[in-house]
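To start, the structure itself, in structure tokens.
Please treat every number below as a calculation from the coordinates, not as lab data. Keep in mind it's a predicted model, so treat the numbers as computed, not measured. With ideal geometry, Cβ positions are generated from the backbone for all residues, glycine too; neighbour counts draw on all protein chains shown.
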Amino acid sequence: MVDFNTPVLIVDDNPHVRRTLRSVLRHIGFGNLTEREGRTAMQALNAGDFGLILSDLMMEPVSGLQLLTQVRGDPQLRTLPFIMVTRSEEHTS
């Protein structure tokens, strides 16, 4: 069963994508949402009590893979669920 009160950290370098992810999560019932860029995500994680991280893969200057490595290397955070997302801009002619 899903606990919709679980605090979720949304991490993306694009503010439009963060707002879109926030909107989707709110629509399905999550209410405790925080948004950060990759470079400030670890600060938020160390200061907060999150139950889930939803992170973009392709970010600058800290990528989602770098963030995941930092999270897994931290004894307090290593078991925190981490979902990696990315988007593709496919062009057709």
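Of all residues in segment 26-49, which are within 23 Å of R72 (Cβ to Cβ) and aliphatic (A, V, I, L, M)? L33, A41, M42, A44, L45, A47 - these are the residues of segment 26-49 that are within 23 Å of R72 (Cβ to Cβ) and aliphatic (A, V, I, L, M). Within segment 38-73, the set of residues being of a type in the set (D, E) and over 24 Å from D3 (Cα atoms) comprises just one member, E60.
Only residues that are touching a Ser or Thr at 6+ places or on another chain (Cβ under 9 Å) and over 14 Å from A44 (Cβ atoms) were counted in segment 1-13, giving 0. Of all residues in segment 34-91, count the ones that are farther than 17 Å from T20 by Cβ and among the acidic types (D, E). So the count comes out to 4.
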